[in-house]
Amino acid sequence: MPSFNPPLRMLMGPGPSDVHPRVLAAMARPTIGHLDPAFVGLMDDIKVLLRQAFKTRNEVTFPISGPGSVGMEACFVNLVEPGDTVIVCRNGVFGGRMKENVERAGGTAVVVDDPWTRAVDPQRLEDALEANPQARLVAFVMAETSTGALSDTKTLVQIAHRHGALAIVDAVTALGGVPLDVDGWDIDAIYSGTQKCLSCPPGLAPVSFGARALDKLRARKTPVQSWFLDLNLVLGYWSGAARRSYHHTAPINALYGLHEALLMLHEEGLEAAWARHALHHRALRAGLEAMDLRLAGADGERLPQLNVVGIPDGVDDARLRQTLLDDYDLEIGAGLGDLAGKAWRIGLMGQSASRRHVLACLTALGSAMAAQGRPTDCGAALAAALDVYAA
């Protein structure tokens with residue numbers, strides 16, 4: 001059996017995104033021990049860089065060993081006790097996963113549903129909290145990866161606090177791609193992933209916990225149900241103490257990669273990264289519309305880094321995506337949940353948010369649709385995108 005050599009793809013699906021050579025090179029550096037003083041220094045640097053990315057001074061800001069879903073579970077198993085009522089805003093697949101986490105932790109989930117592709121409706125959350133005054137937690141997805149919807153996180157957190165509830169926020173697709181201000185918006189607990197706008201391979205879940213969330217954790221009457229994700233234990237390893245306690249063997253080389261990715265974000269600047277994602281979204285949208293394709297959702301509620309595009313009649317979804325892979329080495333995502341077979345998800349995340357990616361995607365998509373008998377004008381699409389860049 002030969003060594004595995006992956007094909008060189010252009011990753012424009014819902015994640016992972018393209019990984020910069022600097023990050024890959026960092027991950028190839030020599031492995032050292034997870035309690036080596038040099039590695040402990042790296043851990044401290046990563047916490048500083050993550051606090052900058054989240055815009056927070058929270059001391060409890062660090063990457064959990066595991067994908068974004070582990071970050072989600074860490075928030076819920078630490079903050080939800082049996083019998084707790086939690087308002088869960090669901091406008092896509094990942095709101096549904098929040099509900100499952102609440103119930104597995106022994107809580108009662110009160111679900112507030114919004115239409116797929118739309119942002120969470122603040123009034124519906126307000127109504128749910130008024131109807132359930134015992135609720136002490138609110139959970140919602142800021143950037144819903146399954147639908148491309150961007151919710152007004154600041155307003156939703158304010159509503160939760162007005163009713164005496166803490167807010168858990170899913171920022172897996174948001175971090176590094178759109179404005180996010182943990183301290184300015186007073187977010188209590190938040191989690192993300194490395195494989196989206198940070199352009200790092202999957203496998204780490206940045207999290208941040210504020211003072212109110214830590215107070216709730218300390219006041220628990222029951223043990224955290226997960227040993228591995230119990231913050232009371234894991235913080236003994238990630239704390240700033242000179243003598244760290246052993247908890248688990250950290251994914252050392254993966255953390256090298258995260259450190260490099262966060263350095264690159266710091267060098268670019270948060271505001272510049274947000275502006276870059278918005279620019280390429282506008283160019284992609286202009287090109288898609290020139291091909292008579294439409295983005296799902298409403299103006300002001302669309303994620304720039306995750307574009308949900310309606311599949312036109314007569315186009316075979318699976319066949320087209322396979323053509324993109326086979327002929328163009330381009331990956332886009334299928335629809336998920338209620339949007340399966342109805343939409344494509346085109347990611348412009350991190351290193352995949354570039355002019356090169358936008359123009360290549362428009363060319364390949366137009367050609368693949370034309371091969372199925374769906375007339376397209378690739379020239380008009382490219383011209384529309386280039387007009388955005390010229391402006």
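Rounded, prolate or oblate, given the Cα gyration tensor of region 1-96, with a/c below 1.5 counting as rounded?
Oblate, because a/c is 1.5 or more while a/b does not exceed b/c.
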Give the lysines whose C-alpha is closer than 20 Å to that of Lys221, dropping any in the same chain fewer than 8 places away, or say none. none
Report the calculated FRET efficiency for Glu271 and Ala380 (r = Cβ-Cβ distance, R0 = 45 Å), to the nearest 0.05. 0.90
Take Arg282 and Lys154, extend 7 Å from each Cα along the Cα→Cβ direction, and tell me the distance between the two endpoints in nm. 2.0 nm
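Could you sort the peptides 313-326, 360-373 by per-residue average Cβ neighbour count (10 Å cutoff), highest mean leading? Walk me through the numbers on the way to the answer.
Numbers: 313-326: 13.9, 360-373: 18.9.
In descending order of packing, they fall as 360-373, 313-326.
For Cα pairs less than 8 Å apart in space and 6+ apart in sequence, what is the mean separation divided by the residue count of the chain, i.e. the relative contact order in percent?
Values: 779 pairs, mean separation 91.0, N = 391.
That works out to 23 percent.
Using a probe radius of 1.4 Å on heavy atoms only, what accessible surface per residue do you get for region 44-84? Whole Å² is fine. Present the calculation step by step, with values, prior to reporting the outcome.
Values: 1350 Å² over 41 residues.
Averaged over the residues of region 44-84, the accessible area is 33 Å².
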Restricting to aspartates and glutamates and to Cα separations under 12 Å from Lys216, and discarding same-chain partners fewer than 8 apart, the set is Glu81, Asp84, Asp188
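To the nearest 0.05, how large is the calculated FRET efficiency for Asp44 and Phe228 if R₀ is 22 Å and r is the Cβ-Cβ distance?
On the way: r = 22 Å, r/R0 = 1.01.
Efficiency at R0 = 22 Å is approximately 0.50.
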Amide H to amide H, which residues 5 or more places from Ala296 or on other chains are under 5 Å from it, using H placed in the peptide plane? Val308, Val309, Gly310
Measuring from centroid to centroid over Cα atoms, what is the spacing of region 1-47 and region 320-391 in Å? 27 Å
Please give, to one decimal in nm, the separation of the simple spin-label points placed at Glu103 and Val315, each 7 Å out from Cα toward the Cβ. 3.6 nm
Expressed in nanometres to one decimal, the distance between label points 7 Å along Cα→Cβ at Arg218 and Met1 is 5.1 nm
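The values are calculated or read from the model by the stated rules, or taken from the named source; none is laboratory data. What you see is a predicted model, and the numbers here were worked out from it, not measured in a lab. Every residue, glycine as well, gets a Cβ built from its backbone with ideal geometry; the counts of neighbours run over all protein chains shown. Ligands, DNA and RNA are excluded from the accessible area calculation, which covers all protein heavy atoms including side chains. Shrake-Rupley method; radii C 1.70, N 1.55, O 1.52, S 1.80 Å.
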